[in-house]
Amino acid sequence: MKGFIFDLDGVLLSTDELHFEAWKKIADKLGVYFDRTVNDRLRGVSREASLEIVLERYEGTLTAAEKQELCNEKNEYYKELLQTLNEATVDDSVRETLAYLRKCGYRLAIGSSSKNTKTILARTNLTHFFDAISDGNNITRSKPDPEVFLKAAEYLGLKPEECFVVEDAEAGIDAAVAGGFCSIGISTAAAYGPTRIPISHIRELERIGVESFGEGYRRL
Ligand code: B16
Ligand code: MG
């Protein structure tokens, strides 16, 4: 194994609350019920697919242009909220684990559905840890399609079977499995059947990193 591809939201930091606030504004404007349980279903899902979930309880019909306008509006609220992120948003254990894996010689990439990935990485001072970034701006198909991870591996110059994918969402694990990656699941994804290696804390990646040099990960 030579690389680690990290999902962003839900793995390196959480922007759940910010997505919630932004979608809530849209839902309130439409008069649609929206709560944190619905918000949980938006994890790892693209902006457009998220809107479709928000609209499940909407009685009217909207044109494609109106839907696009709502997505844009949500993103404007969300970008304002992203201004509150800073270095302290990210747990020390995340920085320490990324630094450790780099020291071991692994190549690191981001594989995120978010089109705001670069802003989030810059605001939290995480950009320098990564050799490559694959995000919502360079894909045409969202998770569970493996495109975002396949592009990340390509940017790293590695084959899928040489990379771990670390994910918190079921759709992300499905994408990793479909792409031929070794999936590591955290949070919700730890209890998901197809996950190859469940973990309960990001620090466990250090052990996996050490044990997986060469063919070692097969013995886990
Ligand atoms: P944006 P990930 C995902 O990021 C989020 O989990 C999901 O809630 C969001 O809808 C999606 O990015 C798109 O984000 O609106 O910023 O393009 O988990 O794939 O890092
Ligand atoms: Mg995620």
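All of the numbers you see were taken from the coordinates with simple rules; none came from a lab. This structure is a prediction, so every number in the text was calculated from the model and none was measured. When we count neighbours, we look across all protein chains shown, and the Cβ atoms used for this are built from the backbone with ideal geometry, even at glycine.
Show me, for the range 179-186, the HN-Hα J-couplings you get by feeding each phi into the Karplus relation (A = 6.51, B = -1.76, C = 1.60, θ = phi - 60°), rounded to Hz, glycine and proline as x.
Rounded to whole hertz, the list is x, x, 8, 8, 8, 10, x, 10.
Taking θ as phi - 60°, what are the ³J(HN,Hα) couplings along the range 203-208 by the Karplus curve (6.51, -1.76, 1.60), each to the nearest whole Hz, with x for Gly and Pro?
Result, rounded to whole Hz: 4, 4, 5, 5, 5, 4.
Straight distance only, please: which lysines reach the Cα of LYS159 with their own Cα at less than 16 Å, same-chain residues fewer than 8 apart left out?
Hits, sequence-local ones excluded: LYS2, LYS151.
At R0 = 45 Å, how high is the FRET efficiency between LEU30 and HIS201 if r is their beta carbon distance? Nearest 0.05 is fine.
0.70
Considering amide H positions built from the backbone, and no H for Pro or chain starts, which residues 5 or more places from ILE133, or on another chain, come under 5 Å of its amide H?
ILE110
Enter the angle in degrees (range 0 to 90, nearest 10) between the Cα long axis of helix 92-104 and the first principal axis of the Cα atoms of the chain, meaning the one along which they spread out most.
40
Tell me, what are the semi-axes, in whole angstrom and largest first, of the equivalent ellipsoid of the range 108-176 as set by the roots of 5 times the Cα gyration tensor eigenvalues?
Whole-Å semi-axes of the equivalent ellipsoid: 18, 14, 11.
Could you name the aspartates and glutamates in cross-link range of LYS67, using Cα to Cα under 12 Å and dropping any fewer than eight places away on the same chain?
Qualifying aspartates and glutamates at Cα under 12 Å: GLU48, GLU52.
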